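**Student:** Starting off with a structure, shown below.
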Protein chains: 2
Amino acid sequence: MPAVPSLEFRNAACLATPTGTAVRAGKKQGEILRIEGAAVRAENGRLTFVGTETEYAKTWGSRPAEVSVDATGMTLLPGLVDAHTHPVWAGDRGPEIGRRLAGESYASIAAAGGGIRATVAATRAASDEELRQLLRRRLARMRSCGTTTVEAKTGYGLTVSDELRALRLLASERGEILPRIVPTLLAAHEFPPESRDRPDEWVEAIASEILPQAAGMAKFCDVFCEEGVFTVAQSRRILTAARTAGMGIRIHADELTRYGGALLAAELSAASADHLLRIGDEEIAALSRSGTIAVLLPGTAWWMRARPAPARALIEAGVPVAVASDANPGTCFTESLASVAAHACLDSGLSVEETLTGMTLNAAASLGLAAETGSLETGKSADVLVLDAPDDRHLVYHWGVNLVAGVSLRGLWVPSPTT
Amino acid sequence: MPAVPSLEFRNAACLATPTGTAVRAGKKQGEILRIEGAAVRAENGRLTFVGTETEYAKTWGSRPAEVSVDATGMTLLPGLVDAHTHPVWAGDRGPEIGRRLAGESYASIAAAGGGIRATVAATRAASDEELRQLLRRRLARMRSCGTTTVEAKTGYGLTVSDELRALRLLASERGEILPRIVPTLLAAHEFPPESRDRPDEWVEAIASEILPQAAGMAKFCDVFCEEGVFTVAQSRRILTAARTAGMGIRIHADELTRYGGALLAAELSAASADHLLRIGDEEIAALSRSGTIAVLLPGTAWWMRARPAPARALIEAGVPVAVASDANPGTCFTESLASVAAHACLDSGLSVEETLTGMTLNAAASLGLAAETGSLETGKSADVLVLDAPDDRHLVYHWGVNLVAGVSLRGLWVPSPTT
């Protein structure tokens, strides 16, 4: 990593951030620090000052940073952390949307060669370079929309070599103006279409062929534990092998049916249980005991016209909640975690402050990065979002437009195109 | 209007547009023309070619336009027409959002000096220049998000002079890279807070003082016909006076209660009846008979957590439907009509094609501009949206990010900042 120039944000209308280096649950999820009239400074990619403009002028006023950004009228937030995305794919599922909106079932579309099958076929057919360009384009859009750290899953290759290819792309991406990537192996996204009648073969291929080669590239392993996809037993087999290989665990749990995924996440002390549309009191209690972070995906619930996950019950039970985009070509095609914020509030019932913590510190915690990013505090990586708005509430209130004036990526200032 | 250079869009992946110079209702609302491999040309601000790239190359290939835009991989759509917005206001209602999300009633927030009262106070206090800059900023954002024609209402002045000031601002705005503005007088947005106990005074001030001076500036007059705001009788008094003054009629109808607004719109053959969340079969039949256009505002329904207007029943009864943003500081703060498209489909049940017609040709028809804009056809104003996407479905499918590469405003090419 080359040295980055020192950076300062001066005279911001507002600064808003959760605080600390650990996940925040229960009432604490909604407690954020707000400073009116704020400044932030970074040296060598680390935050060295976070506080009031007045204090900054006293301390650093005579030593301006090499890069100085006038944040008058703007708000400083932690760079967003998107804890659940699927950005490695090719093809176009746009033409399916009419059928989906008309209510045609996922199974019927897939049976006709559409759905995830279409994405898998196009992804396998794409060259490494095509796939890399598609990935970079999506990561750049995420950054333009305020995301500075992104968990990124494989899962559209579904052969040993295609899954490892996707993982290599993610693990080797070093664009300095792209978000920090946390790669997750999701070979267990679906069964390969060509061997759907021999599901255990794929489970064994993941456990004994892919996982040993994925170790060192993937920080996490994820499984789509769901009726008709991976059973609880198959999920347990894969995830325990992943743990042995040194990876953390995430689970697509109880999205379409109440199936045991969240209970398995609690049993395995997974880092995260994601979706959770169908969970009830038992799952909530189990997650609360295990300390697993609930990653909610309100954009997807909206697109599936489903009842959102029980966000308030999770918060009240002390389960830490993260909010992610689920960026994917099937059920939620957006690179903008910021656009999901209003859905977290309006559809899922989170407060603005709970949502902000869920998109920053708690998301970082679910990725094992709470000491590194997810809040604006001295010593952390200089991951800053500059919002063209008088306070953080506009992230929700002023919806449908990109208010991100730019981000600092590990201390490197990257302005966004302004609208 | 100075002459604009000739303009061509070459080699677009797709072109999609409704057709004709009149509103499209019933089944015809969902019938759009799609061309794969398309080109468009404009001379002197008028469309002179709309068709295939192959045909264009034959006809115009040897005479390139002065401005040539490579639209490879992109989609050409009619510039969006936003038929319901409130862009003239000052102040910040962001801090209210916590109370609103927590369920505090509109009445309770207003009683504490918040809500529309706060916006009215800030708007009155703003200088002409402040208000003009705020308006221009919002219009520029609308343009960046693909809107080329915008209906714009007054309604946050609520004195004779402040309503006329807002109207003068709208009627005099001549920024050449801003959307075409259609000004609407909405003095009957609320009663002035200082004379709420003498409602008929304000009704008479509108009818006998404001309307005579507004004629020539406002193309339409609108009334918020609603329980606790303007009664049906008051609304009728204002709107018949407006008609006498030569204005068209729009009505905020049956948004919060089933109150008679849509029936009044039908009785008066209004150009549009807007919101319509609470209408039933009787209102739908009346609108169908009168030919009034139903302007649906799905973003607002979402923000109010209300059941959306009965879009499918309106379509099936042959009522032409437009879809608008309702951009306003209270119930729906977004400048992006494009962002409302996914809500029109997912929440209200319109198809992508019905939504596209609703945001272009039918919206233009509701403003009396169907012969001028709202579709890509030779002879019409060169109002074109270039979408960075392989087809029009991505306007809905690829949500939460701004895909607009730029717009042609009456033949003037204005690229958008790309994300």
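**Student:** Any chance you could count how many residues in region A:99-129 are away from chain B (no Cβ under 14 Å) and β-branched (Val, Ile, Thr)?
**Tutor:** Going through region A:99-129 one residue at a time, the tally reaches 3.
**Student:** Of everything in region B:256-274 that's touching a residue at least 40 places away in the same chain (Cβ under 8 Å) and touching a His at 6+ places or on another chain (Cβ under 9 Å), which residue is farthest from B:LEU158 (Cα to Cα)?
**Tutor:** Here is the first cut: in region B:256-274, the ones touching a residue at least 40 places away in the same chain (Cβ under 8 Å) are B:271-272, B:274.
After this cut, where a residue has to be touching a His at 6+ places or on another chain (Cβ under 9 Å) as well, the list is B:272, B:274.
Working: B:SER272: 23, B:ASP274: 21 Å.
Among them, the one singled out is B:SER272.
**Student:** Kindly check whether there is at least one residue in region B:374-396 that is aliphatic (A, V, I, L, M), in contact (Cβ under 8 Å) with a residue 24 or more places away in the chain and open to solvent by 10 Å² or more (accessible area, probe 1.4 Å).
**Tutor:** Going residue by residue through region B:374-396, those that are aliphatic (A, V, I, L, M) are B:376, B:382, B:384-387, B:389, B:395-396.
Pick out the ones that are also in contact (Cβ under 8 Å) with a residue 24 or more places away in the chain and you get B:376, B:382, B:384-387, B:389, B:395-396.
From what is left, the residues that are open to solvent by 10 Å² or more (accessible area, probe 1.4 Å) are B:395.
Within region B:374-396, one or more residues are aliphatic (A, V, I, L, M), in contact (Cβ under 8 Å) with a residue 24 or more places away in the chain and open to solvent by 10 Å² or more (accessible area, probe 1.4 Å).
**Student:** Turning to a different aspect of this structure: For the subset of region B:378-396 comprising residues that are touching a helix residue (DSSP H, G or I) at 6+ places or on another chain (Cβ under 7 Å) and closer than 24 Å to B:SER348 by Cα, which member is farthest from the other protein chains (Cβ to nearest Cβ)?
**Tutor:** Let us first name the residues in region B:378-396 that are touching a helix residue (DSSP H, G or I) at 6+ places or on another chain (Cβ under 7 Å), namely B:387, B:390-396.
From the residues that got through so far, the ones that are closer than 24 Å to B:SER348 by Cα too are B:387, B:391-396.
On the way: B:LEU387: 11, B:ASP391: 6, B:ASP392: 9, B:ARG393: 4, B:HIS394: 5, B:LEU395: 10, B:VAL396: 6 Å.
So the residue we want is B:LEU387.
**Student:** For region B:144-163, name all the residues that are within 29 Å of B:GLU204 (Cβ to Cβ), in contact with an Asp or Glu (Cβ under 9 Å, 6 or more places away or on another chain) and open to solvent by less than 30 Å² (accessible area, probe 1.4 Å).
**Tutor:** B:GLU151, B:ALA152, B:LYS153, B:THR154, B:GLY155, B:TYR156, B:GLY157, B:LEU158
**Student:** Further, regarding this structure: Which residues, taken from region A:159-180, are more than 17 Å from the chain's Cα centre (by Cα), under 27 Å from A:SER416 (Cβ atoms) and not charged (D, E, K, R)?
**Tutor:** Hits for region A:159-180 are A:LEU169, A:SER172, A:GLY175, A:ILE177.
**Student:** What number of residues within region A:356-369 are hydrophobic (A, V, I, L, M, F, W, C) and open to solvent by 10 Å² or more (accessible area, probe 1.4 Å)? I'd like the intermediate steps shown before the answer.
**Tutor:** In the first step, residues of region A:356-369 are kept if they are hydrophobic (A, V, I, L, M, F, W, C); the result is A:356, A:359, A:361, A:363-365, A:367, A:369.
Remaining after also requiring open to solvent by 10 Å² or more (accessible area, probe 1.4 Å): A:365, A:369.
The total comes to 2.
**Student:** I'd like the residue in region B:335-355 that is surrounded by 24 or more Cβ atoms within 10 Å (Cβ to Cβ) and part of a loop (DSSP other than H, G, I, E, B) and, out of all such residues, is farthest from the other protein chains (Cβ to nearest Cβ).
**Tutor:** Checked region B:335-355; the qualifying residue farthest from the other protein chains (Cβ to nearest Cβ) is B:SER348.
**Student:** Which residue out of B:ILE97, B:ILE109, B:ILE116 is of a type in the set (Val, Ile, Thr), out of contact with any Asp or Glu (no Cβ under 8 Å at 6 or more places or on another chain) and within 30 Å of B:ALA273 (Cβ to Cβ)? Spell out the reasoning first.
**Tutor:** Numbers: B:ILE109 fails: out of contact with any Asp or Glu (no Cβ under 8 Å at 6 or more places or on another chain); B:ILE116 fails: out of contact with any Asp or Glu (no Cβ under 8 Å at 6 or more places or on another chain).
None of the others qualify; the one that does is B:ILE97.
**Student:** Is it the case, given these coordinates, that A:ARG99 is among the basic types (Lys, Arg), modelled with pLDDT under 95 and within 30 Å of A:ASN402 (Cα to Cα)?
**Tutor:** Values: among the basic types (Lys, Arg): yes; modelled with pLDDT under 95: yes; within 30 Å of A:ASN402 (Cα to Cα): yes.
When the stated conditions are applied, A:ARG99 passes them.
**Student:** Within region B:144-153, how many residues turn out to be under 22 Å from B:LEU185 (Cβ atoms) and assigned to a helix (DSSP H, G or I)? Before the answer, list the steps.
**Tutor:** So in region B:144-153, the residues under 22 Å from B:LEU185 (Cβ atoms) come out as B:147, B:149-153.
Those still in the list that are assigned to a helix (DSSP H, G or I) too: none.
Selection size over region B:144-153: 0.
**Student:** Return the residues of region B:397-419 that are more than 14 Å from every other protein chain (Cβ to nearest Cβ), in a loop (DSSP other than H, G, I, E, B) and open to solvent by 20 Å² or more (accessible area, probe 1.4 Å); say none if nothing qualifies.
**Tutor:** Taking region B:397-419 as the starting set, the residues that turn out to be more than 14 Å from every other protein chain (Cβ to nearest Cβ) are B:408-413.
Next, only the ones that are in a loop (DSSP other than H, G, I, E, B) stay: B:410-411.
The answer is B:ARG410, and nothing else.
**Student:** Could you figure out which of (1) farther than 21 Å from B:ALA110 by Cα; (2) in contact with a His (Cβ under 7 Å, 6 or more places away or on another chain); (3) open to solvent by 10 Å² or more (accessible area, probe 1.4 Å) isn't true of B:PHE224?
**Tutor:** Tallying (1) farther than 21 Å from B:ALA110 by Cα; (2) in contact with a His (Cβ under 7 Å, 6 or more places away or on another chain); (3) open to solvent by 10 Å² or more (accessible area, probe 1.4 Å), B:PHE224 fails exactly one: (1).
The values are calculated or read from the model by the stated rules, or taken from the named source; none is laboratory data. All of these numbers come straight from a predicted model, not from anything done at the bench. Don't worry about glycine lacking a Cβ; one is built from the backbone with ideal geometry, like all the others, and counts go over all protein chains shown. For the accessible areas, the whole protein counts, side chains as well, though only heavy atoms, and no ligand, DNA or RNA atoms are used. Shrake-Rupley method; radii C 1.70, N 1.55, O 1.52, S 1.80 Å.
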